[in-house]
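In what follows, a single structure is set out as structure tokens and then discussed.
The values are calculated or read from the model by the stated rules, or taken from the named source; none is laboratory data. Quick caveat: nothing in here was measured; it's all calculated off a predicted structure. With ideal geometry, Cβ positions are generated from the backbone for all residues, glycine too; neighbour counts draw on all protein chains shown. Each accessible area value is taken on the protein alone, full model and side chains, heavy atoms only, with ligands, DNA and RNA left out. Shrake-Rupley method; radii C 1.70, N 1.55, O 1.52, S 1.80 Å.
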Amino acid sequence: MSTEAYAFSLYVHNRPGVLNRLALVFSRRGWNIDNISISPAEDGRFARCNLVATGPQDGLGNIVAQLSKLVDVIAARREVIDDRLLSREVALIKVHYDTAQVLNINAAAVELGCEVVDTSGDSAIFQFVGEHAAIDRVRTELGRRFTVLDVVRSGAITMHRTENDADDISRVAATVVVTATLPAV
């Protein structure tokens, strides 16, 4: 059985234990969470969660159904990555350079659309914000020019492009009355 990566958007209560319960839905079904980003919504009571998980396509509907059944999940759905969705990642790329290359550091940043956020000793850290494929290209190009020491990526965060998009997962909060509470522990 082949596995594929799928993107999910969730709108959840912003309280302790929610992330653990989300992760259990995936792990119990043999799925791996490749990246996850969660942040409080404007009012602080809710949070937006973007995640990418890998698993078998035949279990995809079950994952969304199980997420939707969780008390803390207001809305859950699989995202279709298309032009209505804006997606970005942040990458920090640490490179080694020698004294002959010091002038090349800033030139590389300008040329590649990066920012040099730290230089110390014989290393520099570049920051790049962009789509997944663009980060791959920047990392490859920096590897051609310098010795890459480390790469840290945030994982994708997504948002629908227009406020009038009915598919925007956070739009449900204004119309949903939440009555469920967590059971006492």
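Gain in length, V117 to V71, computed as 0.36 nm per residue apart minus the alpha-carbon separation, to one decimal in nm?
Residue separation times 0.36 nm, minus the Cα-Cα distance, leaves 12.4 nm.
With θ taken as phi - 60° and the coefficients 6.51, -1.76 and 1.60, list the Karplus ³J(HN,Hα) couplings across the stretch 111-117 in order, rounded to whole Hz; mark glycine and proline as x.
4, 9, x, 9, 10, 7, 9
Set the Förster distance to 30 Å, then compute FRET efficiency between V102 and R153 from the Cβ-Cβ distance, nearest 0.05.
Calculated transfer efficiency: 0.70.
Any idea of the accessible area per residue across the stretch 1-70, 1.4 Å probe, to the nearest Å²?
For the stretch 1-70, the solvent-accessible area averages 52 Å² per residue.
Given the C-alpha atoms of the stretch 48-122, compute the convex hull and give its volume per residue in Å³.
Taking the convex hull of the Cα positions in the stretch 48-122, it is 172 Å³ per residue.
Multiply the residue gap between R145 and R78 by 0.36 nm, knock off their C-alpha separation, and tell me the result in nm, one decimal place.
20.2 nm
Using the Karplus curve 6.51 cos²θ - 1.76 cosθ + 1.60 with θ = phi - 60°, what ³J(HN,Hα) values do you get for each residue of the stretch 98-105, in whole Hz, with x for Gly and Pro?
So the Karplus estimates, Gly and Pro as x, are 9, 4, 5, 9, 4, 6, 6, 4 Hz.
Extension gain S2-I38, at 0.36 nm per residue separation less the Cα-Cα distance, in nm?
Roughly 10.2 nm would be gained on extension.
For the stretch 1-129, calculate the relative contact order in percent as a whole number, restricting contacts to Cα pairs under 8 Å that are 6 or more residues apart.
Here the relative contact order equals 25 percent.
Per residue of the stretch 12-17, what does 6.51 cos²θ - 1.76 cosθ + 1.60 with θ = phi - 60° give for ³J(HN,Hα)? Whole Hz please, x for Gly and Pro, Karplus curve as stated.
For the stretch 12-17, the Karplus-derived couplings read 10, 5, 9, 8, x, x Hz, x marking Gly and Pro.
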